Amino acid sequence: MTDDTDLLVVGGGPGGYHAAIRAAQLGLDVTCVDKGSFGGVCLHWGCIPSKGLIGMGKLVDEIREWSERGLEASDLEVDLAETQEWKQGQIDQLARGVKHLMSSRGVDVREGTVRLTGENEATIDGEPITFDQALIATGSSPIELPHIPFDGETVLGSREALALEEPPESLAVIGGGFIGLEIGQFYEQLGADVTVVEMLDSVLPTADDDLGEELGRQLTKRGLTVHTQTEATDADVSDDGVRLSLDGPKAEQLEAEKLLVAVGRQPNTEGIGLAKAGVETEDSGHIAVDDQMRTSNDDIFAIGDTVPGPALAHKASHEGIHAAAVAAGQDHVVVDYRAIPWFCYTTPEVAGVGLTEEEARSQHEDPIVEQFPFAALGKAKMSGHTDGWAKVIARQDGALLGVQLVGPDATNLVAEPALAIEMGATLTDVAETVHAHPTLAEVFLEAAEAAQGHPVHVSK
């Protein structure tokens with residue numbers, strides 16, 4: 001006997017489970033299948049566990065900084081193995097919660113491997129199932145360098161790097177993006193000697209130019225060694241560690257106990273039967289979709305890391321919710337990418353939403369661009385976190401185009417600019433919104449006032 005479902009969701013990560021829940025709420029019979037890691041890479045080996053470790057690293061940094069302001073804390077020790085055990089407990093609890101959230105909404109939650117066998121047909125561990133519509137949310141995997149393959153012991157991907165039970169004495173990181181910088185700085189905060197190798201001109205090379213340059217300076221000031229415009233051309237891996245050959249402005253040999261390779265992620269789209277289902281992919285392996293997340297097969301949607309765009313959990317969730325609405329018959333729904341924020345949990349934190357300054361200058365005539373420093377905020381001054389700034393970017397009529405942040409709590413502060421851009425707010429709207437004092441959120445208000453030509457807390 002063949003099973004049948006209105007919507008088959010392939011993958012139970014952030015995008016998949018959001019889509020499954022929303023589709024069920026809208027009245028569809030939904031089956032969600034995952035190989036067993038409900039919550040996806042984000043929950044098990046990515047953004048969630050990394051924040052637990054990074055939070056500890058930030059706390060260690062904070063205690064050390066406050067030792068210069070009268071706080072005495074002697075014999076500070078980190079038991080990373082115990083932290084890892086605590087971290088896994090939190091992950092297991094959250095994963096059970098994801099499954100419960102779906103099943104409580106009536107979603108048929110299954111563990112297994114899905115293979116598409118036709119335009120409206122698939123198998124789950126070999127057992128046939130038909131579907132009216134399907135949604136592909138199979139996520140992504142780390143890109144492996146052909147000349148420096150992962151071995152799980154010395155040459156690590158992000159998954160292995162987040163599971164170490166002892167911090168290495170030294171760590172080399174290939175890739176100056178989000179993952180490499182977050183994990184690299186965490187181990188530096190625990191005492192490791194960390195060197196980051198980035199091929200392009202600055203860390204976070206896809207971000208606003210000023211932001212990448214500022215973060216690079218701050219990371220160097222805090223103890224990381226950063227080599228930009230540099231490529232790791234070869235690696236000699238032994239029981240003692242790894243020796244990298246670098247090609248760049250300072251060509252040299254780099255030795256480290258561990259090596260983290262974090263050069264990006266690739267979509268998990270091979271081997272799931274896309275061709276048999278009439279779903280077309282790009283050369284990169286990403287699935288081509290329209291603004292409603294439909295693929296070349298109108299009955300199949302794709303979201304998250306399987307489609308072009310940044311590999312962000314909240315992007316996947318947003319796409320999944322919208323795709324589910326379309327699948328349920330809400331044909332007017334389209335995905336709007338203008339206000340999807342990105343961020344990096346380094347110290348200082350960085351975040352952005354909307355256009356970068358470079359994008360704004362290429363798309364709009366003479367945009368307004370203004371920065372305001374955290375150092376001019378009383379809250380930042382008294383908390384000891386004065387590095388960085390907020391940059392607002394607007395059209396000449398004042399409509400917000402983008403906001404870039406580097407500084408304390410930037411990953412939380414970016415929510416207000418995201419809302420402002422989504423609702424079409426102007427610099428005046430922001431400046432007329434009363435912000436509580438003293439707070440770090442005032443940086444957005446002050447930057448908007450500066451962009452209008454009348455800043456209060458900086459000389460003009």
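Just so it is clear, none of the values below were taken in a lab; they were calculated from the coordinates. Worth saying up front: this structure is predicted, and the values here are computed from it rather than measured. Cβ coordinates were reconstructed from backbone atoms using ideal geometry, including for glycine residues, and neighbour counts include every protein chain displayed.
Observations
- Think of the stretch 342-451 as having a plus end and a minus end, set by charges on the Cβ of Lys, Arg, Asp and Glu; of A450, A394, P408, P408 sits farthest toward the positive end of this dipole.
- Remark: the E144-H454 segment gains 106.6 nm on full extension, using 0.36 nm per residue and subtracting the alpha carbon distance.
- Centre-to-centre, using Cα atoms only, the stretch 306-361 and the stretch 230-304 are separated by 20 Å.
- Placing +1 on each Lys and Arg Cβ and -1 on each Asp and Glu Cβ, with no other charges, gives the stretch 260-413 a dipole about its Cα centre of roughly 620 debye.
- Extension gain, R361-D291: 0.36 nm per intervening residue step, less the Cα-Cα distance, totals 22.7 nm.
- Estimated FRET transfer efficiency when R0 is 22 angstrom, pair D125-R105 (beta carbons, to 0.05): 0.40
- Antiparallel DSSP beta bridges within the chain, as percent of all bridges there, nearest 5: 60
- Equivalent ellipsoid semi-axes, the stretch 155-263, via Cα gyration tensor eigenvalues times 5, rooted, Å: 21, 16, 12
- In order through the stretch 25-40: 3J(HN,Hα) via Karplus (6.51 cos²θ - 1.76 cosθ + 1.60), integer Hz, x for Gly, Pro: 4, 8, x, 7, 7, 10, 10, 10, 10, 9, 5, x, 9, 5, x, x
- Entry note, the chain: the mean residue ellipticity at 222 nm calculated from DSSP H runs of n ≥ 4, each adding -39500 (n - 2.57), is -9500 deg cm²/dmol after division by the residues and rounding to the nearest 500.
- Where labels lie 7 Å past Cα in the beta-carbon direction, separation of Q88 and E280 in nm: 4.6
- Unsatisfied cross-links (Cα-Cα over 29 Å) in the set K276/K315; K87/K250; K87/K381; K58/K381: K87/K250; K87/K381
- Restriction of the GluC sites (Glu not before Pro) in the stretch 340-397 to DSSP coil positions whose beta-carbon has at most 10 other beta-carbons within 10 angstrom yields E365.
- Gain upon complete extension [E257, R64; 0.36 nm per residue less C-alpha separation]: 67.0 nm
- The loop-placed trypsin sites (Lys or Arg not before Pro) in the stretch 64-116, going by DSSP, that have at most 16 neighbouring Cβ atoms within 10 Å of their Cβ come out as R105.
- Cα lying deepest toward the dipole's positive end in the chain, options I183, W66, G378, charges on Cβ: G378
- Considering only G424, A288, P49, the residue lying farthest towards the positive end of the dipole of the chain is G424, judged by Cα position with unit charges set on Cβ.
- Under a model in which nothing but the beta-carbon of Lys, Arg (+1) and Asp, Glu (-1) is charged, the chain shows a dipole of about 980 debye around its Cα centre.
- The chain, relative contact order [Cα under 8 Å, separation at least 6], %: 14
- The charge dipole of the stretch 1-121, taken about its Cα centre with unit charges on the Cβ of Lys, Arg, Asp and Glu (plus for the first two, minus for the last two), comes to roughly 300 debye.
- Gyration tensor over the Cα atoms of the chain: the corresponding equivalent ellipsoid has semi-axes (square roots of 5 times the eigenvalues, largest first) of 37, 30, 21 Å.
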